[in-house]
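The values are calculated or read from the model by the stated rules, or taken from the named source; none is laboratory data. This one's a predicted model, so the numbers in the text were calculated from it and none came from an experiment. Cβ coordinates were reconstructed from backbone atoms using ideal geometry, including for glycine residues, and neighbour counts include every protein chain displayed. Ligands, DNA and RNA are stripped out before the accessible areas are found, and what is left, the full protein with its side chains, is counted by its heavy atoms. Shrake-Rupley method; radii C 1.70, N 1.55, O 1.52, S 1.80 Å.
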Amino acid sequence: MDLIHKFLNIVVPSLTLITLPFFLPPYLIFKFLLFIIRTMFTEDVAGKVVLITGASSGIGKHLAYEYARRGARLALVARREPLLREVATRAELIGSPNAIIIPGDVSKVEDCKHFVDATVKHFGRLDHLVTNAGVAPLSMFQDYPDIKKAVPAMDINFWGSAYSTYFATPHLKQSKGKIIAIASAGAWLPTPRLSLYNASKAAVIALYETLRVEFWGEVGITIVTPGLIESEMTGGKFLNQAGKLEVDEEMKNVQISLMPLQSTEDCVKAIVNSACRGDKYLTQPSWVRVTYFLKVFWPEMIDWLNRILLMSEPGTSQRDTLSKKIFDIANGIKEFLTPDTFPFDELKTRLDYQKYRRY
């Protein structure tokens, strides 16, 4: 066996390097033509049934609105019932023929079964499942006083997707439907303090890539890997070390600093377009996909950048990072230059008074 592996260690890389230049260009041309064809025959979701988890805010909420604009019927799931009602009401005003709410916790298997069954019972079918519910624990791995407090990351992000998909699959196979799995670019980016969040999203990608092989065309799967999108999470809402959700503006500035956020509206429009085309993958904003290739071909640079920007010096506060210092400097310059720091209204009043006195 050792001899076989030694032989394969030489032959497989060599054959790959030799054949890749011949097969890659035709493959890329084929992919491009397939994209054009899918764009020409994109799915019309008017009247179709779409179940969205985590629909009370952020990407989930705006996905509900985007599907509503296209005339889809909606089943909206989240834990916060009052917010869910607001989303459903607006979705119907926008254009959804019918939007129902089903309060539920995706980390509970019985809730997942309930909201899938309730959707099919109400509408009689299920066409799209959007697994969007998620939470982000924020802490250095070794700083957790109790590592079990981070369990919701896997329970909600991974198991919530797995449970929902398990119960929805028979109905999706019947309708030749689709799954839209919201993962994250963090699945391949080693961002400090987000180790368990990134791990849960990497698990989501692995799950749906495998299911794509198992389903083999019976159910379409679009895996979405957003970068920084406007949401409660990028607004500073994290799961703290005690396992409680809290808004921490300062830590948001540490983690995000001056990185631009894509608007939620632009992101969800791209997601629904991609799902209706039947794309296998989508990264938003699209430039973030470059970081995946940098991670593959130049991982040392990605590691170094994350280390230098997001890690503090030993013995100092976790908030004392280069990214935070850059943000504070930029924010100080912005405040210095902003018109609000200069009394323009007072100056205008004085000039008007002087002008009035001349007459």
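Residues within the reach of a label modelled at MET259 (point 7 angstrom out along Cα to beta-carbon, backbone nitrogen below 12 Å), restricted to the range 289-303, are 289, 291-292.
Peptides 254-264, 120-130, 60-70, 222-232 ranked from most to least packed by the mean count of surrounding Cβ atoms within 10 Å: 60-70, 222-232, 120-130, 254-264.
Only helical runs count toward this figure. For the chain, summing -39,500 (n - 2.57) over DSSP H runs of n ≥ 4 and dividing by all residues gives -17500 deg cm²/dmol at 222 nm. Just the protein heavy atoms count here, and of the accessible area of the range 1-71 at 1.4 Å, carbon and sulfur take up 77 percent.
FRET efficiency for the ASP248 to VAL109 pair, using the beta carbon distance and R₀ = 22 Å, is estimated at 0.10. Based on Cα atoms of the range 1-89, Rg over Rh with Rh as the Kirkwood radius reads 1.37. Each of the peptides 271-280, 151-160 was scored by the mean count of other Cβ atoms within 10 Å over its residues; in descending order, highest first, they stand as 151-160, 271-280.
Across the range 269-274, computed HN-Hα scalar couplings (Karplus, 6.51 cos²θ - 1.76 cosθ + 1.60, θ = phi - 60°) run 4, 5, 5, 5, 4, 5 Hz from first to last residue, x flagging Gly and Pro.
Protection proxy ranking of 306-317, 71-82, by the mean of other Cβ atoms within 10 Å over each peptide's residues and highest first, is 71-82, 306-317. On a per residue basis, the chain carries 57 Å² of accessible surface, using protein heavy atoms and a 1.4 Å probe. Fully extending the segment from ASN306 to ARG85 would add 75.6 nm, taking 0.36 nm per residue of separation and subtracting the current Cα-Cα distance.
Could you please state how large a percent of the accessible area of the range 114-221 is carbon and sulfur, counting protein chains only and using a 1.4 Å probe? Whole-percent figure for carbon plus sulfur exposure: 59. Surface composition of the range 264-338: carbon plus sulfur atoms contribute 63% of the solvent-accessible area (1.4 Å probe, protein chains only, all chains present).
Spin-label pair GLU214-VAL151: with each label point 7 Å from Cα along the Cα-Cβ axis, the two points sit 2.4 nm from one another. Given +1 at the Cβ of Lys and Arg, -1 at the Cβ of Asp and Glu and no other charges, the dipole of the chain around its Cα centre is 800 debye to the nearest 20.
Along the Cα-to-C-beta direction of ASP44, a point sits 7 Å from the Cα; which residues of the range 80-112 have their amide N less than 19 Å from that point? Residues 95-98 fall inside that zone.
Of the labelled figures (i) 0.97; (ii) 0.95; (iii) 1.06, only one reflects Rg/Rh (Cα atoms, Kirkwood Rh) as derived from the coordinates, namely (iii).
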